[in-house]
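First comes the structure, then the notes that go with it.
The values are calculated or read from the model by the stated rules, or taken from the named source; none is laboratory data. Just so you know, these numbers come straight off a predicted model, no measurement behind them. Every residue, glycine among them, receives a Cβ derived from its backbone with ideal geometry; neighbour counts consider all protein chains shown.
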Amino acid sequence: AIVLMNMGGPHTLSEVEPFLFNLFSDGDLIPIPFQSKLAPWIAKRRTPGIVEQYRQIGGGSPIKHWTETQGKMLEKLLDEQCPET
């Protein structure tokens, strides 16, 4: 079995701030001092710029689309090379 993983991303512009908050609140991903106080502040401060970037590429993160596309292409390639599996 092959498992493709990613950190996800906001699907819509309204999901950007909650996504950033969760990202900066996760001590395993981004360990920072005073995380519970800084995470909401960083998320709120970064949201407008990130929203604009996502707006320019269609209004949400393309990560789900590209991960699914990559998975389908990998499955096709493996089926061609090892049809018995």
Which of the residues spanning the range 13-72 are among the aliphatic types (A, V, I, L, M), outside any loop (DSSP other than H, G, I, E, B) and free of Cβ contacts under 8 Å to residues at least 40 places away in the same chain?
-> Val16, Leu20, Leu23, Leu38, Ala39, Ile42, Ala43, Ile50, Val51
Name the residue, out of Lys44, Lys72, Lys76, that is basic (Lys, Arg) and either in contact with a helix residue (DSSP H, G or I) (Cβ under 6 Å, 6 or more places away or on another chain) or farther than 23 Å from Met5 by Cβ (or both).
-> Lys44
Return yes or no: is Asn6 polar (S, T, N, Q), under 10 Å from the mean Cα position of the chain (by Cα) and either assigned to a loop (DSSP other than H, G, I, E, B) or under 20 Å from Pro62 (Cβ atoms) (or both)?
-> yes
Could you please find all residues in the range 46-58 being closer than 14 Å to Phe19 by Cα and either modelled with pLDDT under 95 or surrounded by 12 or more Cβ atoms within 10 Å (Cβ to Cβ) (or both)?
-> Arg46, Thr47, Ile50, Val51, Tyr54
